2 protein chains.
Amino acid sequence: MAEHLAVHPITIDKLRVACSTCGLKELCLPMGLTNDEVSRLDSLVSLRKMFRKGALAYRAGDSFEALYALRSGFFKTTVLLEDGRDQVTGFSMAGELLGMDGIGTDAHTCDAVALEDSELCVIPFSRLEDMSRELHSLQSHFHKVMSREIVRDHGVMMLLGSMRAEERLAAFLGNLSQRFTARGYSASDFYLRMTREEIGSYLGLKLETVSRVFSKFQADGLISVQHKHVVIIDIPRLRQLVAGRTC
Amino acid sequence: MAEHLAVHPITIDKLRVACSTCGLKELCLPMGLTNDEVSRLDSLVSLRKMFRKGALAYRAGDSFEALYALRSGFFKTTVLLEDGRDQVTGFSMAGELLGMDGIGTDAHTCDAVALEDSELCVIPFSRLEDMSRELHSLQSHFHKVMSREIVRDHGVMMLLGSMRAEERLAAFLGNLSQRFTARGYSASDFYLRMTREEIGSYLGLKLETVSRVFSKFQADGLISVQHKHVVIIDIPRLRQLVAGRTC
DNA sequence: CGCGCTGTTGAAACTTGTCAAAGTTTGTGG
DNA sequence: CCACAAACTTTGACAAGTTTCAACAGCGCG
């Protein structure tokens, strides 16, 4: 299915990748590399794939071959429990790396699903390892990226383990806001790409609870929500809500 | 404090480390390396430190210099929220690596606390990076270790996000059991090194809830608990409980 | 040997989940 | 381009699970 969807009016050839000319350089794998080093990356990252909304880049159990850099669009990753329950473990935005879960066992451990039409740059992992044995700066940066993923996960664990529904949603909105800002978008006005159910799954809440908290935030004048469109009205108060009492 | 505690009747000299003669080789960083490669690691991992129960190996904010391999004992790692709430993000057993959270920002993001008298092998990170540029096998294994940490965290997120109290505790006990087994200890008879409060913090529950669920498991004939001493009586039924209804 | 930390248990309160119904949006096919 | 179906969202009432508060017991360290 993913393969099918990769065939798209715009052919792969036309999508010849070049990190050196990519606008996401400063967010993505090339971050911190010299121009010379980035052009060496170009030989590594040679393929870009398109995914329609709903398409999977990989699924749990697939053999692990490559990491994926999100060139444009939005992804979620989900893990599945034997009994059918599943959980969203993360949402990915442009410039972020997908697939690091697969390194440890040579097989992916979660599904990666496009939440809107998206493009991924394919980074063959063995070649990334080869190159990072040659380029100290690439090695160092890749280690930092993996480490930050661990730290991010710790943050989510904190959220799931010790925050109440309102705090979780406030933290979630704050996090989105910050990541949009880093990409040059508005910190306070954006469209959600995921459903209430997906937000709930990520935050350990039911979709009804997510909906109720959105409504409450709106009633309190913190935000304005209309379906997927969110405007954050009072960022400081939202931030305050994350760590501390309702005040 | 940690420094003070490192000075111990057994001096550092006597604790000259040698991965090549270490019994944890098969669980720890040297896993999968040839004898020749392991002896090269010996030059890297040259220091071992002792920590008394309660001592910190590092705390959030400390500058990141090294990873630590747990040679013996038991550690917990905890993250702190601004408002004082904290959460246990993991428990570490012999052979496991601590400190990978610090790579991303050159500063640790959590506290690492010894739950009993423990020994850590110090692995200076820049030297580990140097050596893993030379030894493909070391590079590859280190990446796997980091990736598995991410996968482990996803498992905890799943647990915190979609399991109920009994399922969480059953999963926790099953996980401990499995890790003890891997180290040659009994799968069904062990001593907890952490308090009910620490278990609760890790599992996103209050200590009273943990205590109640322990009591219920005992009443149901699943386990026997006396304070820190746990005997798992019915492993299959405990496993069943993790993913599915109470049956 | 006692004080403090840890663990257990009960009852009440609170947060979130469940079930249900209705409204809204989106996408598709005629 | 409209109509319809499917998917998503909102809201209410009630139920269930977990926390909170409180009291007490046990063990272990000094």
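List of remarks:
- Viscosity 1.306 mPa s, temperature 10 °C, Stokes-Einstein D of segment A:138-247 from Kirkwood C-alpha radius, µm²/s: 108
- Using the Cβ of B:Ile232 as centre and a radius below 11 Å, the other residues enclosed give a net charge of 0, where K and R count +1 and D and E count -1.
- Furthest towards positive pole of dipole, A:Gly99, A:Ser126, A:Gln240, structure part the protein assembly as shown, Cβ charges: A:Gln240
- Unsatisfied cross-links (Cα-Cα over 28 Å) in the set B:Lys25/B:Lys206; A:Lys76/B:Lys76; B:Lys76/B:Lys206; B:Lys206/B:Lys228; A:Lys53/B:Lys144: B:Lys25/B:Lys206; A:Lys76/B:Lys76; A:Lys53/B:Lys144
- Cα pair count fraction exceeding 13 Å, expressed as % - segment A:77-128: 65
- Across segment A:163-168, coupling constants 3J(HN,Hα) worked out from phi with the 6.51/-1.76/1.60 Karplus curve, θ = phi - 60°, read 10, 8, 3, 5, 5, 4 Hz, and Gly and Pro carry x.
- Under 5 Å between amide hydrogens, built in the peptide plane, is the criterion, and for B:Asp117 it picks out B:Lys53 among residues at least 5 positions away or on other chains.
- Residue among A:Tyr191, B:Ser43, B:Ser215 farthest towards the positive dipole end of the protein assembly as shown, charges placed on Cβ: B:Ser215
- Per-bin percent of Cα-Cα distances, segment A:18-90 [5 Å]: 3, 12, 21, 19, 16, 13, 8, 4, 2, 1, 0
- Compared with the dominant principal axis of the Cα atoms in chain B, helix B:125-134 is inclined by about 70°.
- Calculated label separations, B:Ser186, copies of the chain, 7 Å along the beta-carbon direction, nm: 6.4
- Nearest-ten-degree value, helix B:136-162 long axis tilted from longest Cα axis of chain B: 20
- Label 7 Å beyond Cα on the Cβ vector: B:Ala243 copy-to-copy distances, nm: 3.6
- Enclosing the Cα atoms of chain A in their convex hull gives a volume equal to 134 cubic angstrom per residue.
- Karplus-derived 3J(HN,Hα) values for segment A:210-217, using 6.51 cos²θ - 1.76 cosθ + 1.60 with θ = phi - 60°, are 4, 4, 4, 5, 4, 4, 5, 4 Hz; glycine and proline are entered as x.
- Kirkwood-Stokes translational diffusion coefficient of the protein assembly as shown, alpha-carbon pairs, 4 °C, 1.567 mPa s, µm²/s: 54
- Starting from the label point of A:Leu47 at 7 Å along Cα→Cβ, the same points in the other copies fall at 4.6 nm, in ascending order.
Bear in mind that the values in this text are calculations on the coordinates, not laboratory data. The structure displayed is predicted, hence computed values, not measured ones. Counting neighbours? That spans all protein chains shown, and the Cβs are built from the backbone with ideal geometry, glycine included.
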